């Protein structure tokens with residue numbers, strides 16, 4: 001009887017430990033959910049081809065913290081937006097996922113103007129975990145955004161190539177931070193039938209989340 005109890009206890013311990021091991025970051029079958037680009041230091045640029053053949057541009061460099069509304073004049077591109085990211089590791093180290101962002105702002109006037117911005121960023125990634133605490137997550141994909149102004153004719157949309165090199169720091173199991181550089185480079189873009197180009201380099205970006 002004592003041998004049976006010991007064997008059963010060992011088997012239960014193995015069954016209990018198996019799911020936990022499978023949930024380590026970067027292992028096959030692990031879903032991860034992060035709040036991303038909550039903090040960043042940026043160098044950004046926006047360019048618009050004007051009807052008269054000239055080009056208008058805006059340059060910005062600075063630091064952003066937390067949620068920023070769609071109409072924030074301190075940010076030249078939409079890529080500094082905070083967003084929610086979801087990724088799933090289809091095999092060990094290889095992730096497939098994306099991020100969603102939405103922001104809105106209202107400007108007082110006659111009439112009041114409402115600005116809304118939507119962003120979606122599908123991606124693939126690969127993570128190297130150097131230990132249970134520290135790793136490096138390389139991700140790449142595309143980012144599409146659209147901005148609408150109501151009332152008004154300030155509608156725009158653009159598609160960008162996106163790359164991210166994020167260090168994963170996990171002080172406790174199933175919870176961690178991602179910190180690293182990002183870039184977004186417009187492939188196509190248009191605002192009011194005029195060509196639009198964005199460039200954004202995040203010297204450092206940070207987010208927080210978990211996996212289960």
Subject >> FRET efficiency, residue 192 to residue 57 (Cβ-Cβ, R0 25 Å, nearest 0.05) >> reply: 0.95
Subject >> Distance (nanometres) between label positions extended 7 Å along Cα→Cβ at residue 86 and residue 169 >> reply: 2.8 nm
Subject >> Additional length obtainable on full extension of the chain from residue 96 to residue 150, 0.36 nm per residue less Cα span >> reply: 15.9 nm
Original post:
Which distance in Å, rounded to a whole number, links the C-alpha centroids of segment 161-212 and segment 79-156?
Top reply: 8 Å
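Read the figures in this text as sums done on the coordinates, not as results from a lab. From a predicted model like this one, the values you see are computed outputs, not experimental measurements. Cβ sites come from the backbone with ideal geometry, for glycine too, and all protein chains shown count toward neighbours.
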